[in-house]
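Colleague: If you scroll down you'll find the structure; I have some questions about it.
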Amino acid sequence: MTITTRRLHKAARIILIGAPGVGKGTQTERLLTRFPELASISSGDLLRENVRNKTPLGLKAEATIQAGNLVPDSMILDLISSEFKSKGWLSSAPTSSISPSASFILDGFPRTATQALSLDSLVPINFVVHLVTPPSIILSRISSRWVHEPSGRVYNTEFNAPKVPGRDDVTGEPLTQREDDSIETWKQRLSKFEETSRALLDHYQSKGCLWRVEGNSSDEISPKLFAKIEKKFC
């Protein structure tokens, strides 16, 4: 898919919400290409980076993880706040507000309505996208996906099949399916998503910033998403 760039004229603070396998990562990559002012802020990446660099926040998070506990929401918010400050989007003043130039896609947080409420106190999100693809389509996509583990090459038997079934094109070694791609694992993740997302979607619906987009593929969804963002922020 060829993507031309467009300039944002208003700050876009975006969250993508969707079932596992719906294509949030693909849409994020395409949005970053289409709108170069956008930055991707991944809570998971920030956590790993701070742990790796042994920052004060990273050491605190590592101690929590090693104790077998989940990293609390307050710590994730501190990581996001710290990243915003490092980008010059947030000052250190107690009553500081987010810079009007801050445009980003927030990935991995919030996942629940409680987390969304906490985030509201840090930064007002102004565009939440609910990506919707029928579960049967996602399931078909996942069951068709095979990988060559050593290289990370990904194949799909429906639209990017290996030359020899079950074998990597380059090495001829066997292809496997990721554990995350098993139907049972996906169904468990979908159930968890449906359980936590309802209140999250309701939260943003009540704030008037929720927009739902449907499609059977990322290629079907992307043009609708681009058009909506251009209308809203360009």
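Colleague: Go through the stretch 102-141 and give me each residue that's in contact (Cβ under 8 Å) with a residue 60 or more places away in the chain, in contact with a Pro (Cβ under 9 Å, 6 or more places away or on another chain) and open to solvent by less than 10 Å² (accessible area, probe 1.4 Å).
Modeller: ALA116, ILE138
Colleague: Please find, within the stretch 19-60, the residue that is farthest from the chain's Cα centre (by Cα) out of those that are on the phi > 0 side of the Ramachandran plot and among the small types (Gly, Ala, Ser).
Modeller: We begin by selecting, within the stretch 19-60, every residue on the phi > 0 side of the Ramachandran plot; these are 21, 23, 54.
Adding the requirement that they be among the small types (Gly, Ala, Ser) leaves 21, 23.
On the way: GLY21: 11, GLY23: 9 Å.
Ranking the qualifying residues of the stretch 19-60, first place goes to GLY21.
Colleague: Of the residues GLU230, GLU214, only one is charged (D, E, K, R) and either open to solvent by less than 50 Å² (accessible area, probe 1.4 Å) or at positive phi (or both); which? Reasoning before the result, please.
Modeller: On the way: GLU214 fails: either open to solvent by less than 50 Å² (accessible area, probe 1.4 Å) or at positive phi (or both).
Residue meeting the stated conditions: GLU230.
Colleague: Right, here's the next one. Quick one: GLY208 ticks every box in (1) at pLDDT 90 or above; (2) surrounded by 14 or more Cβ atoms within 10 Å (Cβ to Cβ); (3) over 16 Å from PRO110 (Cα atoms) bar one, so which box is it?
Modeller: Looking at each condition in turn, GLY208 falls short on (2).
Colleague: Would you pick out the residues in the stretch 9-61 that are in contact (Cβ under 8 Å) with a residue 60 or more places away in the chain, basic (Lys, Arg) and over 19 Å from ILE125 (Cβ atoms)?
Modeller: Result: ARG30, ARG34.
Colleague: A further question follows. Any idea which residue in the stretch 217-227 is surrounded by the most Cβ atoms within 10 Å (Cβ to Cβ), counting only those that are closer than 21 Å to PHE159 by Cβ and modelled with pLDDT of 95 or more?
Modeller: Taking the stretch 217-227 as the starting set, the residues that turn out to be closer than 21 Å to PHE159 by Cβ are 217-225.
Remaining after also requiring modelled with pLDDT of 95 or more: 220-225.
Working: GLU220: 13, ILE221: 23, SER222: 20, PRO223: 12, LYS224: 14, LEU225: 21.
Only one residue fits best here, namely ILE221.
Colleague: Tell me the strands (runs of 3 or more DSSP E) entirely within the stretch 127-177 that contain at least 3 residues that are among the hydrophobic types (A, V, I, L, M, F, W, C).
Modeller: On the way: elements: 127-132, 145-148, 153-156.
The qualifying strands (runs of 3 or more DSSP E) are 127-132.
Colleague: Residue under question is SER151, and the condition is that it be open to solvent by less than 60 Å² (accessible area, probe 1.4 Å), of a type in the set (Gly, Ala, Ser), at negative phi and in contact with an Asp or Glu (Cβ under 9 Å, 6 or more places away or on another chain); does it hold? Steps first, answer last, please.
Modeller: Values: open to solvent by less than 60 Å² (accessible area, probe 1.4 Å): yes; of a type in the set (Gly, Ala, Ser): yes; at negative phi: yes; in contact with an Asp or Glu (Cβ under 9 Å, 6 or more places away or on another chain): yes.
The answer is yes for SER151.
The values are calculated or read from the model by the stated rules, or taken from the named source; none is laboratory data. Computed from a prediction, not measured in an experiment: that's the story for all the values here. Counting neighbours? That spans all protein chains shown, and the Cβs are built from the backbone with ideal geometry, glycine included. We work out accessible area using only protein heavy atoms, side chains counted, and drop any ligands, DNA or RNA first. Shrake-Rupley method; radii C 1.70, N 1.55, O 1.52, S 1.80 Å.
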